[in-house]
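Remarks on the structure that follows.
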Amino acid sequence: MQNRMMITGAGSGLGREIALRWAREGWQLALADVNDVGLKETLELVKQAGGQGFVQRCDVRDYSQLTALAQACEEKLGGIDVIVNNAGVAAGGFFCELSLEDWEWQLSINLMGVVKGCKAFLPLLERSKGRIINIASMAALMQGPAMSNYNVAKAGVLALSESLLVELRHQQVAVHVVCPSFFQTNLLDSFRGPTPAMKAQVGKLLESSPISAADIADYIYRQVADEQFMILPHELGREAWQVKQRDPQRIYDEMASMADKMRAKAKSVGAGLPRDTM
Ligand SMILES: NC(=O)c1ccc[n+]([C@@H]2O[C@H](COP(=O)([O-])OP(=O)(O)OC[C@H]3O[C@@H](n4cnc5c(N)ncnc54)[C@H](O)[C@@H]3O)[C@@H](O)[C@H]2O)c1
């Protein structure tokens with residue numbers, strides 16, 4: 001029976017809601033984050049929801065902290081069945097405005113954090129014939145303007161997940177990738193970008209989601225049970241992805257005119273971001 005899950009970025013937002021969704025099924029949870037206060041709150045909520053587990057501070061940029069977390073899962077839970085590479089940060093800004101440091105920061109957390117999580121836990125997952133759930137974004141599929149570093153990181157998570165899907169079938173390790181559009185969490189707290197106006201615009205988009213982080217966690221739970229590889233929780237996101245597969249030029253044209261509007265807006269009040277990404 002599989003009932004042990006590790007989640008990065010479990011101190012807030014989607015990571016917390018995933019913990020609670022699986023806790024309601026009685027799972028044991030290894031909760032990791034750089035946010036100690038958030039982690040403690042999540043563990044308390046997990047216990048109230050019927051689960052149990054432990055917390056461990058872990059910065060996904062540091063491979064040795066991830067291998068230490070894997071070791072803790074081994075010692076405290078006897079192994080692990082599912083890992084959720086969820087920790088992430090927000091970014092925005094036109095390519096010409098982004099520094100190389102912005103790129104390195106973004107890729108080190110949102111892409112390499114996932115690579116390192118998969119690598120550190122693979123030996124445990126091979127033993128349990130477990131499962132990897134990587135949290136990407138619609139930005140992996142629809143590259144909106146003024147978020148190239150985020151788009152590239154998330155597209156990398158998708159490509160990594162597709163690569164692991166085919167490679168790890170041999171070891172009977174299952175793989176899923178989740179691509180949500182915007183939804184309300186604390187993601188804005190980590191925003192890094194050249195203009196405050198753009199940050200404000202991202203805040204509005206997070207608020208505009210018709211579904212919550214809890215809805216998304218529940219959708220992921222059901223799609224994982226159905227063995228779906230690519231999980232698109234937002235209805236508008238699913239529709240937009242179908243359009244792009246049929247007629248990619250239509251999406252490129254829409255994104256290009258959105259970039260024009262954003263440039264014009266940036267000249268007056270500030271920048272904006274496309275609705276179906278992040
Ligand atoms: N909120 C959205 O609109 C949205 C949309 C698509 C995808 N996502 C993705 O969902 C995931 C979860 O984000 P969220 O929206 O719940 O945001 P959030 O900020 O509420 O939660 C992210 C968590 O990751 C943690 N974190 C950040 N850097 C870390 C690091 N280096 N090591 C360990 N933990 C770290 C933060 O402390 C935080 O607790 C992210 O990968 C994000 O890119 C979010």
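Throughout, read-outs are computed from the coordinates displayed, never taken from laboratory work. Worth saying up front: this structure is predicted, and the values here are computed from it rather than measured. Using ideal geometry, Cβ is built from the backbone for each residue, glycine included, and neighbour counts are taken over all protein chains shown.
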Evaluate the Debye formula for segment 172-267 with equal point scatterers sitting on the alpha carbons, no solvent, and hand back log10 of I(q)/I(0) at q = 0.11, 0.16, 0.23 Å⁻¹, in q order, two decimals.
-0.45, -0.89, -1.23
In whole Hz and in residue order, list the ³J(HN,Hα) couplings for segment 188-203 that follow from phi through the Karplus curve 6.51 cos²θ - 1.76 cosθ + 1.60, θ = phi - 60°; x for Gly and Pro.
4, 4, 8, 4, 10, x, x, 10, x, 4, 5, 4, 4, 5, 4, x
If R₀ is 30 angstrom, what is the calculated FRET efficiency for the pair ALA68 and PHE95, using the beta carbon separation as r and rounding to 0.05?
0.25
Applying the Karplus parametrisation 6.51 cos²θ - 1.76 cosθ + 1.60 with θ = phi - 60° to the phi angles of segment 64-76, what ³J(HN,Hα) value in whole Hz is obtained for each residue in order, glycine and proline being reported as x?
5, 6, 6, 5, 5, 5, 4, 4, 5, 5, 4, 6, 8
Taking amide H atoms as placed 1.01 Å from N in the peptide plane, list the residues 5 or more away in sequence, or in a different chain, whose amide H sits under 5 Å from that of ARG192.
ALA90, ALA91, GLY92
Can you pull the percent of Cα pairs in the chain with separation above 23 Å?
51
Spatially proximal aspartates and glutamates relative to LYS40 (Cα-Cα < 18 Å; intrachain offsets below 8 disregarded):
GLU17, ASP59
Selected from GLN223, GLN71, GLN242 as most flexible by GNM, with the chain as the system and alpha-carbon contacts under 10 Å:
GLN242
